[in-house]
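Have a look at the structure below, then the notes.
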Amino acid sequence: MVQTQTASATKQLTMVQAINDALKLKLEQDETTLLLGEDIGKNGGVFRATGGLYDTFGADRVIDTPLSESGIVGTAVGLAVNGFKPIVEMQFMGFIYPAYDQIMTHVSRMRMKSMGRFTVPMVIRAPYGAGIRAPEVHSDSAEALFTHMPGIKVVCPASPRQAKGLLMAAIEDPDPVLFMEPMRSYRAQRETVPTDAYTCEIGKGRRLHEGSDISLIAWGAMVAIAEAAARKAEAKGISCDVIDVQTLYPLDRDLIAESVQKTGRAVIVHEAQGTGGLGNDIVSLINDEAFLYLRAPIERVTGFDVPVPFFALEDQYMPNTARVLKQIERAVNF
Amino acid sequence: MVQTQTASATKQLTMVQAINDALKLKLEQDETTLLLGEDIGKNGGVFRATGGLYDTFGADRVIDTPLSESGIVGTAVGLAVNGFKPIVEMQFMGFIYPAYDQIMTHVSRMRMKSMGRFTVPMVIRAPYGAGIRAPEVHSDSAEALFTHMPGIKVVCPASPRQAKGLLMAAIEDPDPVLFMEPMRSYRAQRETVPTDAYTCEIGKGRRLHEGSDISLIAWGAMVAIAEAAARKAEAKGISCDVIDVQTLYPLDRDLIAESVQKTGRAVIVHEAQGTGGLGNDIVSLINDEAFLYLRAPIERVTGFDVPVPFFALEDQYMPNTARVLKQIERAVNF
Amino acid sequence: MNNQFPITKIIDDDGTLLDTSYEEQLTEALSYHLYHHMYRIRTFDRKAISLQRQGRIGTYPPFEGQEAAQVGSAYALGEDDWVFPTYRDHGATLTFGADMTRMFMYWNGRVEGCVPPEGKRIFPAAVPIATQIPHAVGAAWAEKKKGTDNIALVYFGDGATSEGDFHEGLNFAGVFQTPTVFFNQNNGYAISVPFEKQTNSATIAQKAIAYDIPSVRIDGNDCFAVYFTTKEAIDAARKGKGPTLIEAVTWRTGAHTTADDPSKYRPEHLGTDTVDPLERLERFMKTYGHWNDEKIAEIEQTCQAEVETAVEQMENASQPNVDDMFNHVFAELPDHLANQKLAYEAFLKEES
Amino acid sequence: MNNQFPITKIIDDDGTLLDTSYEEQLTEALSYHLYHHMYRIRTFDRKAISLQRQGRIGTYPPFEGQEAAQVGSAYALGEDDWVFPTYRDHGATLTFGADMTRMFMYWNGRVEGCVPPEGKRIFPAAVPIATQIPHAVGAAWAEKKKGTDNIALVYFGDGATSEGDFHEGLNFAGVFQTPTVFFNQNNGYAISVPFEKQTNSATIAQKAIAYDIPSVRIDGNDCFAVYFTTKEAIDAARKGKGPTLIEAVTWRTGAHTTADDPSKYRPEHLGTDTVDPLERLERFMKTYGHWNDEKIAEIEQTCQAEVETAVEQMENASQPNVDDMFNHVFAELPDHLANQKLAYEAFLKEES
Ligand SMILES: Cc1ncc(C[n+]2csc(CCOP(=O)(O)OP(=O)(O)O)c2C)c(N)n1
Ligand SMILES: Cc1ncc(C[n+]2csc(CCOP(=O)(O)OP(=O)(O)O)c2C)c(N)n1
Ligand SMILES: [Mg+2]
Ligand SMILES: [Mg+2]
């Protein structure tokens, strides 16, 4: 038992532990990596994503900043163009907005405007999403504000193993990456995670379940909802192809197109508001790549077109298994 | 001749004059209206949209502010909840990003979070778009960042007459309105504009040309492109239904749905980058409302997925008549 | 710099009067009012912590230690003034007239908690740090434009001074000379980040120099210093003399929120020499003969009962209404949202 | 406040030496270098205006009047230092080593204009106001972390001080003691908004108090005051003494840009008493025997020729390349973008 389990080869980790693990490995491997953010030092981050790193790597590499998102991202631009690899934490995605100007006009455009002379290889980590009874503004899912911003990649893992591998890849990426972390999944599940360094390719989604009747397309915390709905649908005899998008920009167009070409039907699930949401891009993608295969209108199950409500109503806002199942049946019975 | 032309009833105005006219009328009609912005006072705005208003209404109502977009919008929130109707100018839409946090977390959510007790009936005017050989960042089309933000309406006129009527409606609206002004159209055309006050309904698009083969859907400066493409298509025997969307949030779903139900084909034209653009919402809308009528994939002609380039290449970035025509033919020949 | 902004006190830690010019104004009635409010909000605060521990409300940010700062300032406000609080200033808003039941509801994730009593000009607590500062400038500016003598008072923490909105708000106030009182509670920490890491300046008061706004640094645990300083700033604003920045130096006794563990980042010994603001007032009252055991007992009972009733009302409140999620986004429900609402209501019916 | 930050000069308007402690350092060589640079950038500037009028480049923001501020500061920089300019600071970047042809290209809408000569650490001009300020803090911080003695100098205008990024940047510099020189050109106006409407503070220098950063207010039209003050600030930064804010009081002689008409908002009489910075240096040089008509004529010819050549090169440059629109968005062209590029190239071929 002890031998097959080779203690050093894998660990059972939650997502937040896997993220911590990736950060630690990268801080060890690459001297130019720096962590910056509010309360990420002694306090280890409000979710403990950076727990222990301050003690190990010191205040020069794990840097508690002033409460100043634009200042954090703006100085990180300067650090990044000058040889460092800043990994900045926005305490919650709902607090990324003050840094929006810096991200829009500099982080994402620096390579373009200097024809590659100055580049900003930084990672912006942002815990996002509802479902943890947090106060107002803490529960936003703002991916669509960044997938409409050429020059930055957007990544969102759905499981501990993917979180570690994608974060390591994001840190190694020569371009800026917005790394969205589903708070609701931070401690939802433990998974066997390799102890060593590894990367998961940015730009690729994954198929979690092979099926023939309908494609379920989701990311982040909604992947678990899609999987649960798929199980219920399978019980009703509907075979689901379940796709975890993982990279929200650039999308893995081939994976999604192939899946819908096979099934002829799709339900896209996301937590952000439907209007303006990334789901619409995926509808467009399917329209472009699988029009003739479609056997029913594409369904979307998303947050309603309202601000994420205060937490007493957040469960009403978010897609859940029953809502997804209903749209699956609607598509199949069209 | 003189009598039918009733000099006081209409004027020939450019769009920027029509906007000036609307502001002037509202400042006269409603004592609570205030203009705030950078260089809108003595200077009359960098595009002269507020020309003459400082002299007429004085420094207390036409207010030159510090260079501080978040400060402008943030103080306007305070003015708006306390009895005033601020009409703020963002000098260019590319400079709205520093105010993004205020718009996202307060302007658009104040009614929601106070259950209607505090409301923010303000108008944010923002000249947008490429095509005038402006420096970097001055040419952004950022509508999709605001149509994904429940609680604010987004309006974008395509002609002088509509600009005046829509702006007056925006000022009268009890909710915040982002009013996008296509810089390229500011002086492109003169139109007969009624001298008196009038409003055009927010939430409604308009059909500019009736046709049966394909729906062309556009807004702002792209309406003229769509119309030109329609004329070329008509010459080739393709009959186009041309729709000016006008209100980008909430969309006039019925108008678009009816049109595509009739034609079975659609080309959506917008200037913003395709990925994450509002075009995808319209694709979704058509998927939802006209799936069974579709005879070809929906086409989009948009800015490429790159930052708006420096002006030597801006004509290459933007949709033009030839690009639109090509997609029309592609859809029709599908 | 420090010396330009010494900490002003009216009473000392042991309750003795330091600034005798205020002697006549430190009446028994004032002592009781301030004590009552401080005791009341402390009772609320401790109850909220215990409710959170029992899972009866959500994450909660306690203000224990900051009662003098919150009560002293809010007590100085006039009926028609505006208040712009943060998530930690419900002690102040309760003092100013917010409804206690709704305050509990707020911390239970209910949007109803943001709605002030009719006519009370209390803004929903700002969650994104510093964003409320320009709001207070705008609301005060509106009063000035209307020609009233109402003012706006805005609360914010030491951490908030690092955000752009702090800067932009104060700059506008300076330029337009709005009747705004900027009330800073410097409680030494922004979550885990100590003030010395937040900024290189020794004080927050000195930051007002950038905008040529008068400023003052006071002992935020001296309820009299807070009350009279705030009152003077408010009076100046009412008289058209423009804005003031007040830095009230105080101390958060407990955790940042119930989800926070200050032992992770705050050295044990820090704050141990800070005298509790209620105790400090008690000492003063006892020294100057204002203290009456019976009256105090009565106050304490009243407050306990009020808090218990509010908890009960919060827990007996009707269930959150799904309609509320849709109804307050726009003045009129747009068609697409009306459809979403209808469809969701139908779905809920089916499911049940 | 004003008195705390008097305007420092080394030479007077009439060219006489005021601060004799610098006497030895005001060498003939220095005079010529500064004159050469100032004359050179003025030649560029005037040429650019005339090109714009002829429609040969796009909208252009002239810096005439600010030559001493730009040259004096840029001339104080070391080879490996960083510069973060705005759209109006190409006088400074040309002095520091930017390529003149590319500068003309920039104002002709060519992205090539942002690319500095190999090894030159000149950032693309920041267009959104004040956003470059934190960049300079970060780049300087990186130098500190690497243990070099390089510094970063950032240019910004008076209007920029109202933006949140000014505040956040300076606050970071104070906290992390980065080797950053904040070089403000207070030219009295932000487009049409005069400094007194931009902020209530009498000076920009005093704003540094908020961050406990040393600051100084100088005559920005005195090239020696600018040069030596900047040099001292740079030296302090190199030696680990942290950031400095310099307010260089100057005057924009012309319009905000070629699209602007200052007569709309700027009273005629303003600025008339400002002595042109080149003329001021000329007076000094003449008084102190540095002026040599022949040498000056040579400088003038060299500069004219250089500018003409640069214009020619700009106009003979290869056409803008459509590929460039696609190729520099990411390190590797993503598939969807590669497809857009291919399709567009095919379309262009069809069309032609
Ligand atoms: C823009 C923004 N960034 C981050 C946060 C997360 N956050 C909540 S409270 C807090 C610290 C605030 O410190 P301070 O201003 O001193 O107020 P205090 O909590 O001490 O009352 C932080 C970082 C936030 N709410 N808003
Ligand atoms: C964020 C932002 N808002 C508005 C503008 C438009 N704008 C360009 S220059 C300018 C004035 C800048 O004034 P100042 O900082 O004094 O610099 P100067 O132009 O005088 O050199 C404005 C408002 C901008 N570029 N960026
Ligand atoms: Mg604090
Ligand atoms: Mg200026």
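The values are calculated or read from the model by the stated rules, or taken from the named source; none is laboratory data. Nothing here was measured: the structure is a model prediction, and the numbers come from that model. Every residue, glycine as well, gets a Cβ built from its backbone with ideal geometry; the counts of neighbours run over all protein chains shown.
Here are the numbers for the structure shown:
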| quantity | calculated |
| --- | --- |
| Any hit, the range B:111-120, residues being surrounded by fewer than 24 Cβ atoms within 10 Å (Cβ to Cβ) and more than 10 Å from chain C (Cβ to nearest Cβ) | no |
| Any strands (runs of 3 or more DSSP E) falling wholly within the range A:172-211 and containing at least 3 residues that are among the aliphatic types (A, V, I, L, M) and over 12 Å from the mean Cα position of the chain (by Cα) | none |
| Yes/no for D:Asn200 being in contact (Cβ under 8 Å) with a residue 12 or more places away in the chain, away from ligand 3 (no atom under 16 Å from the Cβ) and not in a helix (DSSP H, G or I) | no |
| Enumeration of residues in the range D:235-252 that are among the β-branched types (Val, Ile, Thr) and either in a helix (DSSP H, G or I) or within 16 Å of ligand 2 (Cβ to nearest atom) (or both) | D:Ile246, D:Val249, D:Thr250 |
| Residues of the range D:154-167 that turn out to be within 16 Å of ligand 1 (Cβ to nearest atom) and surrounded by fewer than 24 Cβ atoms within 10 Å (Cβ to Cβ), as a count | 0 |
| Residue within the range B:46-54 that is touching a residue at least 24 places away in the same chain (Cβ under 8 Å), out of contact with any helix residue (DSSP H, G or I) (no Cβ under 8 Å at 6 or more places or on another chain) and at the interface with another protein chain (Cβ under 8 Å from one of its Cβ atoms) present | yes |
| Tally, over the range C:262-286, of residues that are closer than 30 Å to A:Asp55 by Cα, under 22 Å from the mean Cα position of the chain (by Cα) and not β-branched (Val, Ile, Thr) | 2 |
| Test: residue in the range C:326-337 that is more than 14 Å from chain B (Cβ to nearest Cβ), surrounded by 15 or more Cβ atoms within 10 Å (Cβ to Cβ), out of contact with any Ser or Thr (no Cβ under 8 Å at 6 or more places or on another chain) and assigned to a loop (DSSP other than H, G, I, E, B) | no |
| A:Gly276 being among the small types (Gly, Ala, Ser) and at positive phi | yes |
| Unmet criterion (only one of (1) surrounded by fewer than 18 Cβ atoms within 10 Å (Cβ to Cβ); (2) more than 16 Å from ligand 3 (Cβ to nearest atom)) for C:Leu270 | (2) |
| Residue within the range C:3-15 that is touching a helix residue (DSSP H, G or I) at 6+ places or on another chain (Cβ under 7 Å), over 17 Å from C:Arg283 (Cβ atoms) and modelled with pLDDT of 95 or more present | yes |
| Residue that is surrounded by the most Cβ atoms within 10 Å (Cβ to Cβ), among those in the range B:43-60 that are in a loop (DSSP other than H, G, I, E, B) and within 23 Å of the chain's Cα centre (by Cα) | B:Thr50 |
| The listed residue being touching a His at 6+ places or on another chain (Cβ under 9 Å), closer than 27 Å to B:Thr302 by Cα and of a type outside the set (A, V, I, L, M, F, W, C), out of B:His138, B:His148 | B:His148 |
| Output for the range A:55-109, where each listed residue is over 17 Å from A:Lys153 (Cβ atoms), more than 9 Å from chain D (Cβ to nearest Cβ) and either touching a Cys at 6+ places or on another chain (Cβ under 7 Å) or aliphatic (A, V, I, L, M) (or both) | A:Ala59, A:Val62, A:Leu67 |
| Qualifying residue in the range C:146-153 (condition: away from ligand 2 (no atom under 16 Å from the Cβ), crowded, with 24+ Cβ neighbours inside 10 Å, at positive phi and not polar (S, T, N, Q)) | no |
| From the options C:Ile218, C:Ile209, residue that is in a strand (DSSP E or B) and assigned by TED's automatic domain parsing to the domain that holds C:Val83 | C:Ile218 |
| Within the range C:176-185, considering residues that are buried (at least 24 other Cβ atoms within 10 Å of the Cβ) and not aromatic (Phe, Trp, Tyr), the one nearest to ligand 1 (Cβ to nearest atom) | C:Gln185 |
| Residue check, C:Ala136 in a loop (DSSP other than H, G, I, E, B), within 25 Å of C:Glu163 (Cβ to Cβ) and either more than 10 Å from chain B (Cβ to nearest Cβ) or at pLDDT 95 or above (or both) | no |
| Test: residue in the range D:148-158 that is part of a helix (DSSP H, G or I), free of Cβ contacts under 8 Å to residues at least 60 places away in the same chain and either within 9 Å of ligand 4 (Cβ to nearest atom) or within 14 Å of chain C (Cβ to nearest Cβ) (or both) | no |
| Scan of the range D:40-73 for residues that are of a type in the set (D, E, K, R) and either over 11 Å from D:Pro277 (Cβ atoms) or buried (at least 24 other Cβ atoms within 10 Å of the Cβ) (or both), ordered by number | D:Arg40, D:Asp45, D:Arg46, D:Lys47, D:Arg53, D:Arg56, D:Glu67 |
| Only one of C:Lys207, C:Lys197 that is of a type in the set (Lys, Arg), more than 16 Å from ligand 4 (Cβ to nearest atom), within 7 Å of another protein chain (Cβ to nearest Cβ) and surrounded by fewer than 24 Cβ atoms within 10 Å (Cβ to Cβ) | C:Lys197 |
| Residue among B:Leu294, B:Leu248 that alone is in contact with a Ser or Thr (Cβ under 9 Å, 6 or more places away or on another chain), buried (at least 19 other Cβ atoms within 10 Å of the Cβ) and of a type in the set (A, V, I, L, M, F, W, C) | B:Leu248 |
| Filtered residue count, the range A:108-144, keeping only those that are assigned to a helix (DSSP H, G or I) and touching a strand residue (DSSP E or B) at 6+ places or on another chain (Cβ under 8 Å) | 2 |
| Out of B:Ile19, B:Ile40, B:Ile87, B:Ile63, sole residue that is touching a residue at least 12 places away in the same chain (Cβ under 8 Å) and assigned to a helix (DSSP H, G or I) | B:Ile19 |
| Any chance C:Val83 is surrounded by 22 or more Cβ atoms within 10 Å (Cβ to Cβ) and away from every other protein chain (no Cβ under 11 Å) | yes |
| Failed item, numbered, when C:Glu118 is tested on (1) touching a helix residue (DSSP H, G or I) at 6+ places or on another chain (Cβ under 8 Å); (2) in a loop (DSSP other than H, G, I, E, B); (3) within 10 Å of chain B (Cβ to nearest Cβ) | (1) |
| Filter result for A:Ala158 (under 11 Å from the mean Cα position of the chain (by Cα) and assigned to a loop (DSSP other than H, G, I, E, B)) | yes |
| Among residues of the range B:14-41, those that are over 27 Å from C:Ala136 (Cα atoms) and either buried (at least 18 other Cβ atoms within 10 Å of the Cβ) or within 14 Å of chain C (Cβ to nearest Cβ) (or both), counted | 10 |
